[in-house]
1. Run A:L37 past the list (1) facing chain B (nearest Cβ under 8 Å); (2) open to solvent by less than 20 Å² (accessible area, probe 1.4 Å); (3) touching a residue at least 40 places away in the same chain (Cβ under 8 Å); (4) farther than 17 Å from B:F41 by Cα and report the number of the one that doesn't hold.
2. For the stretch A:65-111: of the residues being among the small types (G, A, S) and within 16 Å of DNA strand D (Cβ to nearest atom), which is nearest to the chain's Cα centre (by Cα)?
3. So B:K106 clears everything in (1) in contact (Cβ under 8 Å) with a residue 40 or more places away in the chain; (2) within 9 Å of chain A (Cβ to nearest Cβ); (3) of a type outside the set (A, V, I, L, M, F, W, C) except one condition, right? Which one?
4. With the requirement that a residue be open to solvent by less than 10 Å² (accessible area, probe 1.4 Å) and within 15 Å of DNA strand C (Cβ to nearest atom), what does the stretch B:40-62 give you?
5. B:G42 versus (1) closer than 30 Å to A:D62 by Cα; (2) more than 7 Å from every other protein chain (Cβ to nearest Cβ): which is the lone unmet condition?
6. Of all residues in the stretch B:1-26, how many are surrounded by 17 or more Cβ atoms within 10 Å (Cβ to Cβ) and away from DNA strand D (no atom under 16 Å from the Cβ)?
7. Return yes when A:S72 is among the hydroxyl-bearing types (S, T, Y) and within 7 Å of chain B (Cβ to nearest Cβ) and no when it is not.
8. Restricting attention to the stretch B:27-56, and to residues there that are modelled with pLDDT of 95 or more and part of a loop (DSSP other than H, G, I, E, B), which single residue is nearest to DNA strand D (Cβ to nearest atom)?
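The values are calculated or read from the model by the stated rules, or taken from the named source; none is laboratory data. These numbers come from a predicted model, not from an experiment. Neighbour counts are summed over all protein chains in view; Cβ atoms, including those assigned to glycine, are modelled from backbone coordinates with ideal geometry. Heavy atoms of the whole protein, side chains included, go into the accessibility calculation; ligands, DNA and RNA do not. Shrake-Rupley method; radii C 1.70, N 1.55, O 1.52, S 1.80 Å.
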Number of protein chains: 2
Amino acid sequence: MGFEKSITDCNVLHEDIVELVRKDMPEESIFFDLADLYTIFGDSTRVRILWALDIHDMCVCDIAVLLNLTKSAVSHQLRILRQANLVKPRREGKVVFYTLADEHVKAIFEKGMEHIYE
Amino acid sequence: MGFEKSITDCNVLHEDIVELVRKDMPEESIFFDLADLYTIFGDSTRVRILWALDIHDMCVCDIAVLLNLTKSAVSHQLRILRQANLVKPRREGKVVFYTLADEHVKAIFEKGMEHIYE
DNA sequence: ATAACAGTTGAGCAATTGTTCAACTGTTAT
DNA sequence: ATAACAGTTGAACAATTGCTCAACTGTTAT
C-alpha cells in the first residue's frame with residue numbers, strides 16, 4: 001500500500017481535529033457522485049425543467065415554448081437529466097412526454113429554498 | 001409592457017398543460033438563485049470542505065492537509081463558500097477557523113445521498 | 001412514396017470554472 | 001526590525017459547459 005505524493009504547502013496545525021474528521025469522512029468517490037448530482041441542479045434551465053415536470057408531465061415542444069428555448073436546447077438538457085435518472089421519456093405517437101423520475105427532487109428544491117430565504 | 005422576442009422553433013402542442021404549469025411557476029430570478037446555490041455544491045472539493053466542517057470547525061491548513069490541496073486552492077474555495085453564506089471565518093492569532101454557517105447543508109447532502117443510493 | 005413535424009444528435013463556439021503560481025497581508029516570535 | 005508562517009488575492013491556463021446550427025430519426029398523414 002503506497003502513499004500518494006503530497007501536494008499541500010503547509011503542515012497540520014491540529015492533528016487531533018484532522019484525524020477526528022478523517023475517520024468520519026466517506027470515501028472520495030461518494031463526493032464525486034454528490035457533486036455530479038448537484039452540478040445538474042446548478043443550471044437554471046435544468047432547474048426550471050425539473051420544476052415544471054414536477055407540476056405536470058410535458059413534451060419537448062411545450063417545455064421549449066414555456067421556457068422560450070429551442071427544442072434542441074431543451075432536448076440536450078433532457079438528455080443530461082435522463083442520464084442522471086432524474087426524468088423518464090414516454091413516447092406517444094410523434095410526441096415524447098417527460099416525467100419526473102425521482103421524488104427526492106422536490107425535497108432538494110425545498111432545502112435549497114430554505115437556504116436562500118433566511 | 002412589451003413582449004419578449006420568441007426564440008422557440010416549435011409551437012405549443014398542449015396549451016392547457018403549458019398554461020397550468022406557467023401559472024404555478026415562480027419568477028425566473030428564483031431559479032437563478034437556486035441554480036447558483038447548487039452550482040456551489042457542484043464541486044467535489046467544496047462538498048468535501050462542507051462535509052468536513054460539518055464534523056468539526058477547521059483552519060485552512062488542516063483542510064489543505066486533509067484534502068491534499070494547497071492552501072491557496074482551499075482559500076479560493078472558502079471565499080466562494082463565504083460569499084454564499086455557507087461558512088463563517090473566525091480568526092485566532094495567525095490561524096483562521098471556518099465554521100459551517102447553515103443547518104440546511106446537512107439536509108441538502110442527505111437528500112442528494114438518497115437519490116444516489118436508490 | 002413523400003411531405004410534415006416532434007425530437008435527437010454531433011460539431012463548434014463563447015463563456016465559465018478550478019487550480020496553479022507568485023506576490024501580497026496579518027499576526028507572532030526573536 | 002525582521003524573520004517565520006497562516007492566509008488571501010489576482011492573473012493566467014486548461015478544462016468544462018450551454019447553446020446554436022445543421023443534419024439526422026421516427027411517426028403520422030396525404
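1. (4)
2. So in the stretch A:65-111, the residues among the small types (G, A, S) come out as A:72-73, A:75, A:84, A:93, A:101, A:107.
Right, trim to within 16 Å of DNA strand D (Cβ to nearest atom) and you get A:72-73, A:75, A:84, A:93.
On the way: A:S72: 21, A:A73: 18, A:S75: 17, A:A84: 8, A:G93: 30 Å.
Step by step, filter the stretch A:65-111, then rank; the result is A:A84.
3. (2)
4. Hits for the stretch B:40-62 are B:F41, B:V47, B:I49, B:L50, B:A52, B:C59.
5. It is condition (2) that B:G42 fails.
6. 3
7. Details: among the hydroxyl-bearing types (S, T, Y): yes; within 7 Å of chain B (Cβ to nearest Cβ): no.
Against the criterion (among the hydroxyl-bearing types (S, T, Y) and within 7 Å of chain B (Cβ to nearest Cβ)), A:S72 does not qualify.
8. B:G42
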